[in-house]
Amino acid sequence: MQRLQDRADIASIGLEMGGCVIVGYLIGDWVDGRFELAPWGTAFFLLCGFGAAVKGLIRVVKRAHAVAHSGDSVAARPAPRRRFREEVRRSW
């Protein structure tokens, strides 16, 4: 069940990133219309949306990194990139 959750977390990152940017744009557009701030509200909240998207991406990368490095002894571990590739192959 944990593998399925890990896969879903990785697969949903595209939707999460797109959603953050769209919500940031919509909030900025609303703020511009409500308070007559012209492009500044949209620009600010769009940047906040990009920041939230990057934060989500970093969260997923850290989680994938932690899954790839869990459970092995230090002496028996292959190189980090090779181990990550092997973990990805096993998970799919």
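Among residues of the range 1-16 being under 17 Å from residue 62 (Cβ atoms) and among the charged types (D, E, K, R), the one that is surrounded by the fewest Cβ atoms within 10 Å (Cβ to Cβ) is 7. All of (1) surrounded by 15 or more Cβ atoms within 10 Å (Cβ to Cβ); (2) touching a helix residue (DSSP H, G or I) at 6+ places or on another chain (Cβ under 8 Å) hold for residue 19 with one exception: (2). Flag: residue 29 does not match the condition of being under 30 Å from residue 85 (Cα atoms) and either among the charged types (D, E, K, R) or touching a Gly at 6+ places or on another chain (Cβ under 7 Å) (or both).
Please verify whether residue 31 is surrounded by 14 or more Cβ atoms within 10 Å (Cβ to Cβ), over 24 Å from the mean Cα position of the chain (by Cα) and part of a helix (DSSP H, G or I), treating the condition exactly as stated.
Yes.
Any read-out appearing in this document is the output of simple, stated calculations on the displayed coordinates, not a laboratory observation. Since this is a predicted model, take the numbers as computed values, not measurements. Cβ sites come from the backbone with ideal geometry, for glycine too, and all protein chains shown count toward neighbours.
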